[in-house]
1. Can you send over the carbon and sulfur percentage of the accessible area for segment 1-135, probe radius 1.4 Å, protein chains only?
2. Under the definition of Cα pairs under 8 Å and six or more residues apart, what whole-number percent is the relative contact order of the chain?
3. For segment 102-113, in order, what is each residue's ³J(HN,Hα) by Karplus, 6.51 cos²θ - 1.76 cosθ + 1.60 with θ = phi - 60°, in whole Hz (x at glycine and Pro)?
4. Solvent-accessible area per residue for segment 52-114 at a 1.4 Å probe radius, Å²?
5. On a 0 to 90 degree scale, rounded to 10, what angle separates helix 28-39 from the longest Cα axis of the chain?
6. With runs of 4+ DSSP H residues as the only contributors, calculate the mean residue ellipticity of the chain at 222 nm using -39,500 (n - 2.57) per run, divided by the residue total and rounded to the nearest 500.
7. Among 32-41, 83-92, 131-140, how do they line up by average Cβ neighbours within 10 Å per residue, starting with the highest?
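The values are calculated or read from the model by the stated rules, or taken from the named source; none is laboratory data. Bear in mind that the values here come from a model prediction, so they are computed numbers and not experimental data. Here Cβ is always computed from backbone atoms with ideal geometry, including for glycine, and neighbour counts include all displayed protein chains. Protein only, heavy atoms only, side chains kept; ligands, DNA and RNA dropped before computing areas. Shrake-Rupley method; radii C 1.70, N 1.55, O 1.52, S 1.80 Å.
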Amino acid sequence: FTRTNDALLALPEMVVALFLVAALGTGYPSLLLALTVTGWTPFARLARPPAYDVSARGFIEAARVLGCRPSFIVLRHILPHLAGPLLGQATLRFGQLLINGGALSYLGLGVQPPQSDWGSMLAAAQPYAVRSPLTILAPGLVIFTVALCVTLIGQRLAHMTSSRLVLAGADSRTAADV
């Protein structure tokens, strides 16, 4: 698992996505699969060390001794500790995946007509860019604006969760000191 993650991190995401879409054919399912295959690696890199730290704690061993299923332990005890960092990573990665998906559709390897997305709108508007620049500017600005807004929301959520963790840590320290 770790070696696969390292190998995918060593390769450029767009090259892997281009290869997968070319091998699987064009369309929304292959675009989604290509973005998923190239997009999970930062999440795994981020989640692995804290998951091992949490799984070594006493309450996880207590849950095992009580006979809890591993899936219950992961969902109830480990994932809540990873939710903040993974949510922040998801919102920060959203913009990059949106741009990658748009780029693949712009190249004609993503969503095919009659379906539409912003990348294919950019490609369709390219011949008219000189006469009517708004046709190419509108989808480009929408991609930029959506990516920026989701990234800013993600930064705010990450800041809020990190300040809550700091405050919770400060409260537990003052309670232990008393």
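1. On the way: 5720 of 8220 Å².
Ligands and nucleic acids excluded, carbon and sulfur reach 70 percent.
2. Values: 158 pairs, mean separation 40.0, N = 178.
Worked out over the chain, it gives 22 percent.
3. x, 5, 5, 5, 4, 6, x, 9, x, 5, 10, x
4. Details: 3760 Å² over 63 residues.
Per residue, segment 52-114 has an accessible area of 60 Å².
5. Tilt of helix 28-39: around 50 degrees.
6. Working: 9 runs with 140 residues, N = 178.
Helices in the chain give a 222 nm mean residue ellipticity of -26000 deg cm²/dmol.
7. So the peptides 32-41, 83-92, 131-140, ranked by packing, come out 32-41, 83-92, 131-140.
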